1. Among the residues of region 59-75, count how many are out of contact with any Phe, Trp or Tyr (no Cβ under 8 Å at 6 or more places or on another chain) and surrounded by fewer than 20 Cβ atoms within 10 Å (Cβ to Cβ).
2. When the residues of region 43-66 are narrowed to those that are free of Cβ contacts under 8 Å to residues at least 40 places away in the same chain and polar (S, T, N, Q), which ends up farthest from PRO185 (Cα to Cα)?
3. Among the listed residues ASP248, ASP235, ASP241, identify the single one that is touching a residue at least 60 places away in the same chain (Cβ under 8 Å), assigned by TED's automatic domain parsing to the domain that holds ILE37 and touching a Pro at 6+ places or on another chain (Cβ under 7 Å).
4. Test each condition in (1) within 29 Å of GLY72 (Cβ to Cβ); (2) modelled with pLDDT of 95 or more for GLU184 and report the one that comes out false.
5. Could you tell me how many of the residues in region 76-110 are surrounded by 14 or more Cβ atoms within 10 Å (Cβ to Cβ), in contact with a Gly (Cβ under 8 Å, 6 or more places away or on another chain) and part of a loop (DSSP other than H, G, I, E, B)?
6. Give the residue that is surrounded by the fewest Cβ atoms within 10 Å (Cβ to Cβ), with candidates limited to residues of region 196-225 that are in a loop (DSSP other than H, G, I, E, B) and without any contact (Cβ under 8 Å) to a residue 40 or more places away in the chain.
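The values are calculated or read from the model by the stated rules, or taken from the named source; none is laboratory data. Note that the coordinates shown come from a computational prediction; the quantities given were computed from them, not determined experimentally. Here Cβ is always computed from backbone atoms with ideal geometry, including for glycine, and neighbour counts include all displayed protein chains.
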Amino acid sequence: MYCSSRPALLTVDHLSMRFGGLFAVNDLGFTAYGSEITAIIGPNGAGKTTLFNCLTGFYKPSVGRIALTAPGAPRFLLERMDGYRIARDARVARTFQNIRLFPGMSVLENLLVGQHTPLMRASRYSLAGLLGLRGYRLQERRSLDTARYWLDRTGLTAQADQPAGSLPYGSQRRLEIARAMCTEPALLCLDEPAAGLNPRESLDLNQLILDIRQEQGIGILLIEHDMSVVMTISDHVIVLDHGSLIADDDPAGVRCDPAVIRAYLGTAEDEDLPTEVAADLNRTAAGGRS
């Protein structure tokens, strides 16, 4: 069982999500820590996205508790909250496996949409914005500064005025992360951010996620099938199989765990591993983590 010296950020206890007679998540418990990257991996159908949907309010879990305790903030029980409050009050941000940008809006406008809540509050729900009052103008300037910062950090400044839907696929992935970061999250949930990226784009994404952890000091949950990404950047790895926890360790421990190998491959013997899958599990072992 993984343990960190950092304070706990997210505590999941006895979480289950049932659809009819099927448990998509079954009595799951783990802890994720602040300023760490926790990867959630497992075969297709293991319950990874269902877990994210429970964390972010898309589903109400059948049973269990999800507690978020960020520095300087009250403790939030996410399973009791509506999805909009999880995003607004608990400050949990998410990206999706299938990119969900506003393709007809500019890149900059997508980042401003990510700051809708503070802008609406400052506008007093339109009145102060219509009158151009000072409080709204200050918030508008802050929001633009935040958007420009994340444009720069993700290498998208030159594309700020282009429609988001016209960007190359890898740039759209970075934009979705930038929009999530504009909400100033305490917990960032990334659902397969490396899906569809080429090797160079994956390396750039790895560095961006590591920089966010280092510079922003937030916790990151990462669902990812690319083991080279998981083993390179993760501090902590949770492995699910058929909705249940089968491993909770650092990357080196998970890589050698017989239960993990069985879940992925149906065997615990390294010599029997198909070459391409063994390469995925071992690709970054020699270099360790960044």
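1. First, the residues of region 59-75 that are out of contact with any Phe, Trp or Tyr (no Cβ under 8 Å at 6 or more places or on another chain): 59-66, 70-75.
Next cut, surrounded by fewer than 20 Cβ atoms within 10 Å (Cβ to Cβ) only: 59-60, 62-65, 71-75.
Residues that pass the stated criteria total 11.
2. Within region 43-66, the subset free of Cβ contacts under 8 Å to residues at least 40 places away in the same chain is 44, 53-54, 57-58, 60.
Okay, now just the ones that are also polar (S, T, N, Q), so 44, 53.
Details: ASN44: 28, ASN53: 17 Å.
By that ranking, first place goes to ASN44.
3. Numbers: ASP248 fails: touching a Pro at 6+ places or on another chain (Cβ under 7 Å); ASP235 fails: touching a Pro at 6+ places or on another chain (Cβ under 7 Å).
Among ASP248, ASP235, ASP241, only ASP241 is touching a residue at least 60 places away in the same chain (Cβ under 8 Å), assigned by TED's automatic domain parsing to the domain that holds ILE37 and touching a Pro at 6+ places or on another chain (Cβ under 7 Å).
4. (2)
5. Looking only at that region, the number is 2.
6. Here is the first cut: in region 196-225, the residues in a loop (DSSP other than H, G, I, E, B) are 196-198, 217-218, 224-225.
Checking which are without any contact (Cβ under 8 Å) to a residue 40 or more places away in the chain leaves us with 196-198.
Working: GLY196: 14, LEU197: 19, ASN198: 11.
The qualifying residue surrounded by the fewest Cβ atoms within 10 Å (Cβ to Cβ) is ASN198.
Rundown of residues vs (1) touching a Lys or Arg at 6+ places or on another chain (Cβ under 8 Å); (2) part of a strand (DSSP E or B); (3) of a type in the set (Phe, Trp, Tyr), yes/no style:
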{"position": "SER4", "(1), (2), (3)": "no, no, no"}
{"position": "VAL12", "(1), (2), (3)": "yes, yes, no"}
{"position": "VAL25", "(1), (2), (3)": "no, yes, no"}
{"position": "PHE30", "(1), (2), (3)": "no, yes, yes"}
{"position": "ALA39", "(1), (2), (3)": "no, yes, no"}
{"position": "ASN53", "(1), (2), (3)": "no, no, no"}
